[in-house]
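These notes concern the structure reproduced below.
The values are calculated or read from the model by the stated rules, or taken from the named source; none is laboratory data. Owing to the predicted nature of the structure, the values given are computational and were not obtained by experimental measurement. FYI the Cβ positions are ideal-geometry reconstructions off the backbone, even for glycines, and counts take in every protein chain you see. Heads up: the accessible areas ignore ligands, DNA and RNA and are worked out on the full protein's heavy atoms, side chains in. Shrake-Rupley method; radii C 1.70, N 1.55, O 1.52, S 1.80 Å.
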Amino acid sequence: NDTTHFVLVKSLNALLRRDNTRRTKHYCERCFHGFDEAQNLEKHRPSCLRFKPQGIKFPEDEYLYFKNYRKMVQCPVYIVADFECYVKEVPQAESTEFKATQKLKEHVPCGYAYKVVLSEEFAGDYDSELVVYRDSGDGKVADSFIVSLHEEAERLAPILETQKEMQLSPEQELAHKAATVCWLCLDPFIVDDEEKKKCHDHCHYTGKYLGAAHQNCNAERQKNTRIPVVFHNLKGYDAHMLIKALAKHEDDLSDIRITATTM
């Protein structure tokens, strides 16, 4: 009654090839990115080894429910950033490096700007002026940006470490006692269930009462310990300038999260 079986894969390149042509593509075994030339794959491998291998993991449950409750509370601080570039012509000798593509021009970063956006509770305590950086000629624009982010992270760290006691008014206490469903998952409370019983949920940054919640929902809504950095078209443009700089300044790149969202 065993319905499972294995299939021998003799060529990963043939398995992952997406077209019907006989053109050979060379695929990375870790991220499955394809290259037209084997030498380009060899150049790619050292950088790819810094990340965890890619894999598809299917959920075990039949239904999926939203459980990332901490994203329902406003982040107290985030950074909006953007890079500016100029177009530089590539010498003919360099443009013939690749057989399939002739490189004529390249985008070179010449500056960046970013702004720290703070919630009203912290806006008066921290400087959030627009920061503008212009290339001084050393070609280290992306490196300077990474260093600046580290400095901002250290400066803003006390915000993420804020731990205020709950501020509860008599009206809110009455509303809490009258609540019958969790304000996060909207499921009813169960008195005899340790995870489903009612508790007070509040914002640890401001101390404001948020609502009545299940014990487990309140525990899952942990404090945000990251400072989001928002780019327009990061994956399609700005990331090309940042990846090399990140590889030089960060020992561990596996913890970086990129949300590719088009708005």
Residue 65 to residue 104: extension gain in nm, 0.36 nm per residue of separation minus the Cα-Cα distance?
9.1 nm
Scan segment 34-133 for trypsin sites (Lys or Arg not before Pro) in coil per DSSP, keeping those whose Cβ has at most 14 other Cβ atoms within 10 Å, and list them by number.
50, 57, 67, 99, 103
Specify which residue in the list 216, 204, 188 is farthest towards the positive end of the charge dipole of segment 163-235, using unit charges on the beta carbon of Lys, Arg (+1) and Asp, Glu (-1), about the Cα centre.
204
Karplus couplings for segment 78-84 from phi (6.51 cos²θ - 1.76 cosθ + 1.60, θ = phi - 60°), rounded to Hz, Gly and Pro as x?
8, 10, 9, 9, 7, 9, 10
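So what is the relative contact order of segment 124-263, in percent, for Cα pairs below 8 Å that sit 6 or more residues apart?
On the way: 121 pairs, mean separation 30.0, N = 140.
Worked out over segment 124-263, it gives 21 percent.
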Over the alpha-carbon set of segment 111-164, work out the extent along each principal axis and list the three values in angstrom, largest first.
46, 17, 11
Lys, Arg +1 and Asp, Glu -1 on Cβ, resulting dipole of the chain about Cα centre, debye, nearest 20:
1200 debye
With the calculation restricted to Cα positions, what are the radius of gyration and Dmax of the chain in angstrom?
25.2, 77
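Looking at segment 1-92, which GluC sites (Glu not before Pro) are DSSP coil and have at most 12 other C-beta atoms within 10 Å of their C-beta?
When the GluC sites (Glu not before Pro) of segment 1-92 are filtered for loop state and at most 12 Cβ neighbours within 10 Å, 29, 60, 62 remain.
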State in Å² the accessible area per residue of the chain; use a 1.4 Å probe, count heavy atoms of protein chains only, and round to the nearest integer.
73 Å²
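First compute the accessible area of the chain with a 1.4 Å probe, then give the percent of it belonging to carbon and sulfur atoms.
Values: 10140 of 19310 Å².
C and S fraction of accessible area: 53 percent.
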